[in-house]
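Working notes, beginning with the structure itself.
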Amino acid sequence: MTRPALAAFCLAFAMPLAAQQTMPPAPFAYRQLEDPAQEAAAQELMETLRCLKCQSQSIADSDAPMAGDMRHQVRIRVAAGESPDEIRSWLIQRYGDYVSYKPAVSATTWPLFAIPLLLIAVAGAILLRRFRKRA
Amino acid sequence: MSWRLWVPLFAFAAFVGLAAYQLTQPKDDFVQSGMVGQPLPYFDLPPAMDGVEGVKSGTFADGEPRLLNIWASWCLPCIAEAPQLESLEQQGAKIVGIAIRDRPEDVAGFLAQHGNPYTHIGRDDLSEVQLAIGSSGVPETFVIDGQGVIRYQHIGDIRARDVPILLDELEKAR
C-alpha cells in the first residue's frame, strides 16, 4: 500500500474512535469519591480488575471508554456500600475469572498453588536424604 | 552414570515443549458472558433518539423471543453487520437495539444511512446494561427468550453465515 493510501486507511479507522471519545466520560470515571477510605478501597479494587477492551491493562491504568465506565461502576457501588469482594464477584459472574487479576484457588487453578509446595517438599526430602548419608 | 541424572533434564525439556506449544496456539480473545441462562437484570433505558421507544428489561417479558443487539454508531463492524440485521428482520426476527455511548444525532445519521432494523433503541451512555449482561464490546447480539432469559450470545459482527444460526437460536428460545 502506498503511503497516502495507508494514511487514508488509518484515518478511516481513526475517525470512529475519535467519535467514541467525544462523549463525556462517565461521572465517576475520573472523579474520586469524597470519602478517602472509600476511594482507597475503590482504587485498590480497580487495580486488580482487567480492562476488557485492552486486555493487558487494569481498569485503573486504561483510558479506554469502557474502562472508564467500569471505574464508574466500581466507584458508585463502593459509595453505595458494596464491599470490594461483592463487586469483584459481580464482575466474575459476568466475565469469568478472566476479569480479575487477583489469583483465587478454584477447581482449575489449584495446581498452580499445589505444585510449588509439592516441589519444595520433594527438594526438602532430597536434601534431607543427602545430609543424612553424609553424617 | 546413572540414568536418574537425566530425569531433571527431560522434565525440564518436557516443560519447555509444553510452554512452546501453548505459546504458539491461537489465542481466543472472546470473553463469553456468564449471564447466558440467567434472566436479564432489571434496567430501564431512555430512547437513543427522537421517535423510537426506549428499552426496559420488561420489554422482553411478553412471550416473544427477541434479539438484543449491542451496537454504536461509532463502531465500524456495526456497519458491516447492518445488512445482516436487515435480513434477520425480514425473516421475522424482532430486534431490540442498545446504543452504547452514543449521541441521538449520530444514531439517527447511522440509521438513515444503514437502515433501521430495530423495534426499540435504548441509550446506554455509561455501558451499564452492557456490563450487567456481561458484554465486553460492540457489536454483540444476545438471544432473549419470551420470559426475559438470556439464551445465546454472539460476539462480534454478524456475518451471513451467522444469520441461520441466530434464527435457529430464536426458534429454540420459543
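The values are calculated or read from the model by the stated rules, or taken from the named source; none is laboratory data. For clarity, every value in this text was computed on a predicted model and none was experimentally measured. Using ideal geometry, Cβ is built from the backbone for each residue, glycine included, and neighbour counts are taken over all protein chains shown.
Can you tell me which residue within region B:1-31, out of those that are of a type outside the set (A, V, I, L, M, F, W, C) and more than 30 Å from residue B:156 (Cα to Cα), is nearest to the chain's Cα centre (by Cα)? Before you say what the answer is, go through the steps one by one.
The first filter runs over region B:1-31 and keeps only residues of a type outside the set (A, V, I, L, M, F, W, C), leaving B:2, B:4, B:8, B:17, B:21-22, B:24-29.
In the following step, the residues that additionally are more than 30 Å from residue B:156 (Cα to Cα) were identified as B:2, B:4, B:8, B:17.
Working: B:2: 59, B:4: 54, B:8: 47, B:17: 36 Å.
The selected residue is B:17.
Taking region A:64-103 as the range and being more than 14 Å from the chain's Cα centre (by Cα), among the hydroxyl-bearing types (Ser, Thr, Tyr) and surrounded by 18 or more Cβ atoms within 10 Å (Cβ to Cβ) as the test, no residue passes.
Name the residues in region B:91-100 that are within 14 Å of chain A (Cβ to nearest Cβ) and either out of contact with any helix residue (DSSP H, G or I) (no Cβ under 9 Å at 6 or more places or on another chain) or touching a residue at least 40 places away in the same chain (Cβ under 8 Å) (or both), would you? Result: B:98, B:99. The test for being over 22 Å from residue B:52 (Cβ atoms) and of a type in the set (Phe, Trp, Tyr) does not hold for residue B:118.
Would you call residue B:130 closer than 18 Å to residue B:47 by Cα, at pLDDT 95 or above and under 12 Å from the mean Cα position of the chain (by Cα)? Yes: the conditions hold for residue B:130. Pairs meeting the criteria (first residue in region B:10-34 and under 27 Å from residue A:92 (Cβ atoms), second residue among the polar types (S, T, N, Q) and surrounded by 11 or more Cβ atoms within 10 Å (Cβ to Cβ), beta carbons under 6 Å, at least 6 apart or on different chains) are B:31/B:136; B:33/B:153; B:34/A:93.
Of the helices (runs of 4 or more DSSP H) contained entirely in region B:80-174, those carrying at least 3 residues that are over 23 Å from residue A:73 (Cα atoms) fall at B:104-114, B:162-172.
All conditions but one from (1) closer than 22 Å to residue B:30 by Cβ; (2) away from chain A (no Cβ under 14 Å) apply to residue B:120; the one that does not is (1). Identify the residue in region A:1-50 that is closer than 24 Å to residue B:103 by Cα and in contact with a Ser or Thr (Cβ under 9 Å, 6 or more places away or on another chain) and, among all such residues, is modelled with the highest pLDDT. Among residues in region A:1-50 that are closer than 24 Å to residue B:103 by Cα and in contact with a Ser or Thr (Cβ under 9 Å, 6 or more places away or on another chain), the one modelled with the highest pLDDT is A:26.
Got a number for residues in region B:101-116 being surrounded by 13 or more Cβ atoms within 10 Å (Cβ to Cβ), within 14 Å of another protein chain (Cβ to nearest Cβ) and farther than 25 Å from residue A:25 by Cβ? Total meeting the criteria: 1.
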